[in-house]
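Encoded as structure tokens, the structure appears first; notes follow it.
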Amino acid sequence: MHSFAWWPTLIVLGVATFTDLRSRRIPNWLVLPFLLAGIVVSGWLQGWHGIEQSLAGAGLATLIYGILFLKFGMGAGDVKLCAAIGAWIGPIQLLYALLFTALAGGLMVLVWAACRGLLLLIGRRKREQVTLNGLMEAKMPYAPAIAIGTLFSFFAH
């Protein structure tokens, strides 16, 4: 599936990253047709087995990121984007993508928190304290981490 999934995935990840960075949203008009196309293309190329793999990838992504959405405040757009990616690459490669996404996301959070903490320290008034809650008030766009993790998975799998 690599050759068929590479270009559509690259394009969708680019648009999702741009919109997430700009507006902190990943639009449904982007991810839902991409999800459906992943299932259709998998079925077209591999028959019922392809459809099963596509649905398993989408389901695994929805399960894992759905928990993060419900428990830790991850955005619904991130969940849908990962489900659509899972529909294109299947559950095995999705596990690689999720691992690389977690690593990229962790690094991004550290850099983001350090930069945000530095800005809070520079701009703070007297008697105003910098706290972890203050660092976590603003949400970080996660589509760039998903994009990096997914692209790395193409080379690892």
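Computed from the coordinates by the stated procedures, all read-outs in this text should not be read as laboratory data. If you're wondering where the values come from, they're calculated on a predicted model, not measured in any experiment.
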**J(HN,Hα) series, the range 18-24, from Karplus relation 6.51 cos²θ - 1.76 cosθ + 1.60, nearest Hz, glycine and proline x** = 4, 5, 5, 5, 6, 10, 6
**Prompt:** Amide H neighbours of residue 25 under 5 Å, counting only residues 5+ apart in sequence or on other chains, H built in-plane at 1.01 Å?
**Reply:** 20
**Asked** Between residue 115 and residue 28, what length comes free when the chain is fully extended (0.36 nm per residue of separation minus the Cα-Cα distance, one decimal in nm)?
**Response** 28.3 nm
